[in-house]
């Protein structure tokens, strides 16, 4: 009696489970496509944007859309992601990237997929236990800004696949470009799987098809909103359109909505402390709901920071001014800096700025540009520093409050002398 290991069946299932195509496309074209699990990978943020990420890609796992995106990172970042899919299938990913200045930006990332269990049978269809499939991709990324507006990047990737007692690996290259047409408008283009990988588990080698991604991203609402669109073209499979929007409700909370041919998606980011972010996304799919969870930490690198102390002050009280501490590190020599204080209606009520490196601190007395006292309330501020080659680092938006109200509470009443109490 001979055993039958259903390799084609396993690949077909995994291709269908991991693709984000329509039900017809998943069943007829994309199921079992070599490398489909990696080509259709989504992080929590990209899934929330419907997969439209090639013109953004500014995190360690964004290299899977466009390796040039590392050049537009400002801080070192570590990121971990987990995706729970169907029938016990899951994907785990991790990445670390360091932005460069004179030297290229560098990153290393890993994506690993593990399947649920498949049944193994013989020629008589008798059950002979089960087996699993695993695939892992390692990527080393380098990206360099040719000019402040143009960056080029490349992934050098090694992919390994295991299926029961079979194991094989292959090498491939991705290339990408990202162009900042204006401060708020980006264009991105990437070509994946140049010359491989090609993996031979048994007798026939399977080569990952070449894929081209192109798209645009537009920042709106003074940086609080983002609109992104992308078109993917995979050899032999045609084009797919992706789109998504993002809106930062406040400096630590963002919402996303996206769409691709499989349906809608949504996501959220919560920043707890400036350097940590927790992300979640979910998407509709013909096989069920898919979910992603991501955690990232940013540190060092190039940044701008401003912190007011005290965060609540009274120009007519004991704390008549607030001291705003400034700190910044730019990729090239700093050219100009600015710190705007905005009201709730987004009106700039006070503007500080100058040439070169910002000072270690400045003081604000709660007055506007004309020296007039401002009303009580909460005001926003952040530091922006531009370097000599035109790059800008923007610090997190923080709040400071003016409160000139008098003390509140109850005043105790002393008993009168007529009641025999001491005066």
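The values are calculated or read from the model by the stated rules, or taken from the named source; none is laboratory data. Just so we're clear, the structure is a prediction, and the values are computed from it rather than from any experiment. Here Cβ is always computed from backbone atoms with ideal geometry, including for glycine, and neighbour counts include all displayed protein chains.
Residue by residue, here is whether (1) surrounded by fewer than 15 Cβ atoms within 10 Å (Cβ to Cβ); (2) outside any strand (DSSP E or B); (3) on the phi > 0 side of the Ramachandran plot holds:
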{"site": "288", "(1), (2), (3)": "yes, yes, yes"}
{"site": "292", "(1), (2), (3)": "no, no, no"}
{"site": "304", "(1), (2), (3)": "no, no, no"}
{"site": "308", "(1), (2), (3)": "no, no, no"}
{"site": "317", "(1), (2), (3)": "yes, yes, no"}
{"site": "320", "(1), (2), (3)": "yes, yes, no"}
{"site": "326", "(1), (2), (3)": "no, no, no"}
{"site": "335", "(1), (2), (3)": "no, no, no"}
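State all residues of segment 68-111 that are outside any strand (DSSP E or B), in contact (Cβ under 8 Å) with a residue 12 or more places away in the chain and closer than 24 Å to residue 179 by Cα; if no residue qualifies, say none. Lay out the reasoning, then the answer.
So in segment 68-111, the residues outside any strand (DSSP E or B) come out as 68-75, 85-89, 99-104.
Filter once more, keeping what is in contact (Cβ under 8 Å) with a residue 12 or more places away in the chain: 68-75, 85-89, 99-101, 104.
Passing the criteria: 68, 69, 70, 71, 72, 73, 74, 75, 99, 100, 101, 104.
Could you list, in sequence order, all residues of segment 160-183 that are farther than 17 Å from residue 137 by Cβ and at pLDDT 90 or above? Selection gives 177, 178, 179, 180, 181, 182.
For residues that are at pLDDT 85 or above and part of a loop (DSSP other than H, G, I, E, B), scanning just segment 397-413, find the one that is farthest from the chain's Cα centre (by Cα).
Our first condition is that a residue be at pLDDT 85 or above; within segment 397-413, this holds for 397-404.
Then keep just the ones that are part of a loop (DSSP other than H, G, I, E, B); that gives 397, 403-404.
Values: 397: 18, 403: 37, 404: 40 Å.
Going through the qualifying residues, I end up with 404.
Part of a loop (DSSP other than H, G, I, E, B), touching a helix residue (DSSP H, G or I) at 6+ places or on another chain (Cβ under 6 Å) and either surrounded by 17 or more Cβ atoms within 10 Å (Cβ to Cβ) or assigned by TED's automatic domain parsing to the domain that holds residue 250 (or both), is that true of residue 274? No, not satisfied.
Here segment 213-237 is the region considered, the condition is being at pLDDT below 95 and either within 29 Å of residue 169 (Cβ to Cβ) or in the same structural domain as residue 394 (by TED's automatic domain parsing) (or both), and the residue that is surrounded by the fewest Cβ atoms within 10 Å (Cβ to Cβ) is 236. Which ones in segment 191-205 are surrounded by 19 or more Cβ atoms within 10 Å (Cβ to Cβ) and outside any loop (DSSP other than H, G, I, E, B)? Correct list: 192, 193, 199.
Within segment 102-133, being surrounded by fewer than 21 Cβ atoms within 10 Å (Cβ to Cβ) and at pLDDT 80 or above holds for 102, 103, 104, 106, 108, 110, 112.
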